[in-house]
2 protein chains.
Amino acid sequence: MTDEPTAHSSTPFPSTPGHLAPDDVGLVTSLDFVLPRPFTFKNSQPLDGLTLRYETYGTLNATRDNAVLICHALSGNHHAAGWHSPTDKKPGWWNNLIGPGKAVDTRRFFVICANVPGGCSGSTGPSSTNPATGEPYGLRFPALTILDMVRAQKLLLDHLGVAELHTVIGGSMGGMTALLFAIEFPNFTRRLLAMATTAREGAQAIAFNEVGRQAIMQDPGWNNGDYPPNGGPRVGLAIARMMAHITYLSDASMDRKFGRRTIQSREKSPQLSAELALSDPQLSTLNSQPAAAAADFNLQFEVESYLRHQGQTFINRFDANSYLYITRALDQFDLDHAYGSLEQAFAPVLAESLIVGFTSDWLFPPEQNRQIAQALLRAGKRTSYAELSTDLGHDSFLLESEELYALIRGFLERTPPATTADFAI
Amino acid sequence: MTDEPTAHSSTPFPSTPGHLAPDDVGLVTSLDFVLPRPFTFKNSQPLDGLTLRYETYGTLNATRDNAVLICHALSGNHHAAGWHSPTDKKPGWWNNLIGPGKAVDTRRFFVICANVPGGCSGSTGPSSTNPATGEPYGLRFPALTILDMVRAQKLLLDHLGVAELHTVIGGSMGGMTALLFAIEFPNFTRRLLAMATTAREGAQAIAFNEVGRQAIMQDPGWNNGDYPPNGGPRVGLAIARMMAHITYLSDASMDRKFGRRTIQSREKSPQLSAELALSDPQLSTLNSQPAAAAADFNLQFEVESYLRHQGQTFINRFDANSYLYITRALDQFDLDHAYGSLEQAFAPVLAESLIVGFTSDWLFPPEQNRQIAQALLRAGKRTSYAELSTDLGHDSFLLESEELYALIRGFLERTPPATTADFAI
């Protein structure tokens, strides 16, 4: 059973604020699970007192088999649904999917989401204080893999009293985590839903991650990973995020959203300027070009403002070393290599699965999702592949889509397969 | 006529070095054209003594109508073919296309290629010395547009005695330049060949350019554009180039070329390490991760080495301010906006044209090239569109392709249209 109830049903209310909407999980509190024993990372390095910050929505049932694990992506965290306070501007990152009556129905499921180890939203990561030194771990934090994320989250589920996972769900890095969960804990995982993901990072995805890492590591503020909290390579991290953000969208969606619209009129407005532009003093060159200059490299197009805003907000919520560690974990993810082949990787899987690709995703394109489903089929597994036509790029899995909700609902709520009796083998 | 002959035919030679191959233009010398009068940029700013560095291959004929202008891309320059010395490791950037008997046959055509104004390979740009101050122009160099590149190159052609251009050819930014040449100098331009290009930069392309500019401008070495020669924002420029280079390739070509191959074995070899890694002292963190670190963010995948090598070589041949100026010129290129519509833009064109798109080009995808051809058709122009199936991405136009050579040869050598008599109208 869960230690504390963290989600509160809320009373329907006319003209409701978000957290009081009838299909919203409402106000939620994050919890910490401190592992009672040292956690040994895949690289054999042990870590004392590893903490996972997590949230749960809904209630674990008496048979303890209605749990749904939500796995977050690179820049995500444990706050998947609900609101931390009535004045929050935004709910959790997958609030559109999770709630009473939503596709992941919290009246029916006990939903768990944890910040991954190595992260920076409350779980132990490179920015956490190393008790041995009183300083942040920095690069002394153990090398991180997706397998470490899976194993740590399994310990959390055990702690919460989950007997078996009804479903493990994730997109992007969360999809890799979900795949590996079904592989590593086959007797524990009954359904697998992986979206906008890949069984192995390709050269282009590695290349983008590498440029991001270089932007961070070349920033003098990085200092080999040793920097004060709220300091560090803020410029490098902003550059990395701006670039990565392009890969989450699509040419079509950017053209529709921004096109070639300029912000010359808005630029005159200090209010919007302040909202959109990077106001970090370390990033001040963005707003301080010499007046004597003949050329104008200040903000000119809306898409530039948007990206700078993405960079700015990211550096205030993400740690640069976590970015290095997690992107490296992504790059090293390769199920073929780790298990000999994709079929061998999937051989132990007992979960039935749904793999979803999005046509406009060019980071983990449909083809890479199709390959997962086909390997599952070749390995004799119950699996389906759905390809959704969107023009919203990689981020499609996060965005509102009745078509996606219906797919997920159908997959989660369909009756178990006739072979369920075999499941516990 | 050309002032000096710059291309030397070479004698066939068994087991020949590149510059002595029978279909090579051989050793070439770059020349400088100093504009006799101040050049007024589109932003109304005049510049005294604007210099264009250029090369020519082949000979202008008696009727002075066999000239082919080659327009280079963002990171290209005037050295399109041949060799500067017998010990050069590489010939000009389009040597595979230009030479005696090649697709652009220098036995038949007088081929000209100039470094654009604003560039950094010999033409006057932000890194050139401002005679008024004795210092580099930096951001005091006039704002740059593709139109400025076109107008300056027209003055060079006049200087060389070219009566009319047989063909203007370019890919990527060179394609934009070629389009605008045919629009601005319709009576001078008989054929137009534009490849892997666009009539307007889309939001995604602007976004990538903006991240590159931010990487440069956020580098403390940039100093608002005032930095010593060989100094400046070398790190930022390397990051910008690494990122941009990904957009010139394709997922498929990167997977074939690098896949997920690691360089752990090679890493041990100091020789290859030195060749591949960034050895610039300012970029030294690449090779100097603390030994105490638990995680390894040093080189791991071949694709990372490749990108770092691209970054390293670029900063030794390109100026950061030029990168800002030229990418801004690209972003501002928008024929629809400049002329009211694409049809109106093309209305004055008298050239017959061939537009070529490449299926795997995701920077300026086939669709954007098709739009150019269709607008030319709607404007009543003689045009053809060819789409080549490649998986080499945007750079396809630069790479060996018998299919492309044959297309270009056929376009350049076909007999003039029956309406040639109308041409001079």
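A few points about this structure:
- Number of residues in segment B:295-319 that are assigned to a helix (DSSP H, G or I), of a type in the set (A, V, I, L, M, F, W, C) and more than 7 Å from chain A (Cβ to nearest Cβ): the value is 2.
- Breaking point among (1) closer than 19 Å to A:Glu304 by Cβ; (2) modelled with pLDDT under 95, for B:Lys257: (1)
- Checking each residue in segment B:144-160 for being open to solvent by less than 10 Å² (accessible area, probe 1.4 Å), more than 14 Å from chain A (Cβ to nearest Cβ) and either within 17 Å of B:Thr40 (Cβ to Cβ) or assigned to a loop (DSSP other than H, G, I, E, B) (or both) picks out B:Ile146, B:Met149, B:Val150, B:Ala152, B:Gln153, B:Leu156, B:Leu160.
- The residues of segment A:241-261 that are at the interface with another protein chain (Cβ under 8 Å from one of its Cβ atoms) and basic (Lys, Arg), listed by number, are A:Lys257, A:Arg260.
Quick grid of which residues meet (1) more than 19 Å from the chain's Cα centre (by Cα); (2) crowded, with 23+ Cβ neighbours inside 10 Å:
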| site | (1), (2) |
| --- | --- |
| A:Asp32 | no, no |
| A:Phe39 | yes, no |
| A:Thr51 | no, no |
| A:Ala67 | no, yes |
| A:Ile70 | no, yes |
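- Residue within segment B:58-75 that is touching a Cys at 6+ places or on another chain (Cβ under 7 Å), modelled with pLDDT of 95 or more and assigned to a strand (DSSP E or B) present: yes
- Only residues that are more than 21 Å from the chain's Cα centre (by Cα), over 22 Å from B:Gly259 (Cα atoms) and at pLDDT 50 or above were counted in segment B:283-329, giving 8.
- Residues (over 19 Å from A:Phe364 (Cα atoms), open to solvent by 20 Å² or more (accessible area, probe 1.4 Å) and not in a helix (DSSP H, G or I)) located in segment B:219-260: B:Asp219, B:Asp226, B:Tyr227, B:Pro228, B:Pro229, B:Asn230, B:Gly231
- Here A:Leu192 qualifies as more than 15 Å from the chain's Cα centre (by Cα), within 21 Å of A:Gln368 (Cβ to Cβ) and open to solvent by less than 10 Å² (accessible area, probe 1.4 Å).
- Contact annotation: residue pairs with Cβ atoms under 9 Å, 6 or more positions apart or on different chains, pairing a residue in segment B:121-143 that is within 13 Å of chain A (Cβ to nearest Cβ) with a partner that is surrounded by 22 or more Cβ atoms within 10 Å (Cβ to Cβ) and at pLDDT below 95, are B:Pro126/A:Ala295; B:Leu139/A:Ala295; B:Leu139/A:Phe297; B:Arg140/A:Ala295; B:Phe141/A:Ala295; B:Pro142/A:Ala295; B:Ala143/A:Ala295.
- Residue tally, condition touching a helix residue (DSSP H, G or I) at 6+ places or on another chain (Cβ under 8 Å) and either within 12 Å of chain A (Cβ to nearest Cβ) or assigned to a strand (DSSP E or B) (or both), over segment B:106-120: 3
The values are calculated or read from the model by the stated rules, or taken from the named source; none is laboratory data. What you see is a predicted model, and the numbers here were worked out from it, not measured in a lab. Heads up, the Cβs are rebuilt from the backbone with ideal geometry, glycines too, and the neighbour counts pull from every protein chain shown. Surface areas here come from the heavy atoms of the whole protein model, side chains and all, with no ligands, DNA or RNA. Shrake-Rupley method; radii C 1.70, N 1.55, O 1.52, S 1.80 Å.
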